[in-house]
1. With the requirement that a residue be part of a helix (DSSP H, G or I) and either touching a residue at least 12 places away in the same chain (Cβ under 8 Å) or in contact with a strand residue (DSSP E or B) (Cβ under 8 Å, 6 or more places away or on another chain) (or both), what does the stretch 302-319 give you?
2. For the stretch 141-164, give me each residue that is outside any loop (DSSP other than H, G, I, E, B), in contact with a helix residue (DSSP H, G or I) (Cβ under 7 Å, 6 or more places away or on another chain) and surrounded by fewer than 24 Cβ atoms within 10 Å (Cβ to Cβ).
3. When only residues in the stretch 264-301 that are outside any helix (DSSP H, G or I) and at pLDDT 95 or above count, which is nearest to the chain's Cα centre (by Cα)?
4. Please go through (1) within 30 Å of residue 246 (Cα to Cα); (2) assigned to a helix (DSSP H, G or I); (3) touching a residue at least 12 places away in the same chain (Cβ under 8 Å) for residue 216 and return the number of the only condition it doesn't satisfy.
5. Of the numbered conditions (1) surrounded by fewer than 23 Cβ atoms within 10 Å (Cβ to Cβ); (2) farther than 24 Å from residue 264 by Cβ, residue 196 fails exactly one; give the number of that condition.
6. I'm checking my understanding of the structure. Among residues of the stretch 117-130 that are touching a residue at least 24 places away in the same chain (Cβ under 8 Å) and assigned to a helix (DSSP H, G or I), which one is surrounded by the fewest Cβ atoms within 10 Å (Cβ to Cβ)?
7. I'd like the full set of residues that are surrounded by fewer than 20 Cβ atoms within 10 Å (Cβ to Cβ) and assigned to a helix (DSSP H, G or I), limited to the stretch 242-256.
């Protein structure tokens, strides 16, 4: 499951320049908010909107949300952050998704409380919010605010993937591909193809590598190059490593070195380790222990745990 642990789901990766998120009005029905209150709010008549919303707040969950926005901005009433938070919380407690999203991000980014934030993200995820599903998957994957649990992470990742999130589709594909069962690996390819359809560069590279290896899909060098080139066109650095692998498979070592060197110089550690392997190979025409060591050191300095371990083993032999 190592590839799943190293997935590209980013926990806490939400940008918020202020504590007011940019929510749209999509999906609000006439029964959610009084026409007078909504019209007044849209027209900038905040005094009238405040009156209408105060009348409705006891039974309409949306009213509290918009009151919160007005209290936060000082529209039609005195600016009051604490009262705004109370209004947002009331709306969120009643199940209004934008309010739940606000509380999730506020508790995470302002209060720095990932445990409390997860409660709100989970509520939003249960309401089928794809961003919240991605967050919950990452939280369980890395133990951020909740105990690590890869099984629960996969449940949320599946939900997000089904909702069309390319990163979740790629993460799910990696988890299936990392298993031993061929049937699971084939499922991984299906999810990979869904992410590729959305131009996910990691998925493009991985699918290209699968066509190169011929383990889950039939070996096809043309398709391997095609998908890796798509990822390279997006500037995805690991794609240069994959292209180096393709060159090696064609016995074109100079080309492989060129691909690996480009990526390694930009701190892509797989490429640095590939260069180290090529230079350390005793029967290779380019055998050079000094360069092999230097590229291994380069990878270790860029936080490759594999390189660090190999360097430690090498020092033991030398010592």
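The values are calculated or read from the model by the stated rules, or taken from the named source; none is laboratory data. What you see is a predicted model, and the numbers here were worked out from it, not measured in a lab. Cβ: placed from backbone, ideal geometry, glycine included. Neighbour counts: every protein chain shown.
1. Those that are part of a helix (DSSP H, G or I) and either touching a residue at least 12 places away in the same chain (Cβ under 8 Å) or in contact with a strand residue (DSSP E or B) (Cβ under 8 Å, 6 or more places away or on another chain) (or both): 306, 307, 310, 311, 314.
2. If we filter the stretch 141-164 for residues that are outside any loop (DSSP other than H, G, I, E, B), which is where we start, we get 141-142, 150-162.
So of that shortlist, the ones also in contact with a helix residue (DSSP H, G or I) (Cβ under 7 Å, 6 or more places away or on another chain) come out as 141, 150, 152-154, 156-161.
Within the stretch 141-164, 150, 152, 154, 158, 159 qualify.
3. Restricting to residues being outside any helix (DSSP H, G or I) and at pLDDT 95 or above, the top hit is 268.
4. (2)
5. Residue 196 satisfies all of (1) surrounded by fewer than 23 Cβ atoms within 10 Å (Cβ to Cβ); (2) farther than 24 Å from residue 264 by Cβ except (1).
6. Per the criteria, the residue is 130.
7. 247, 248, 249, 253, 254, 255
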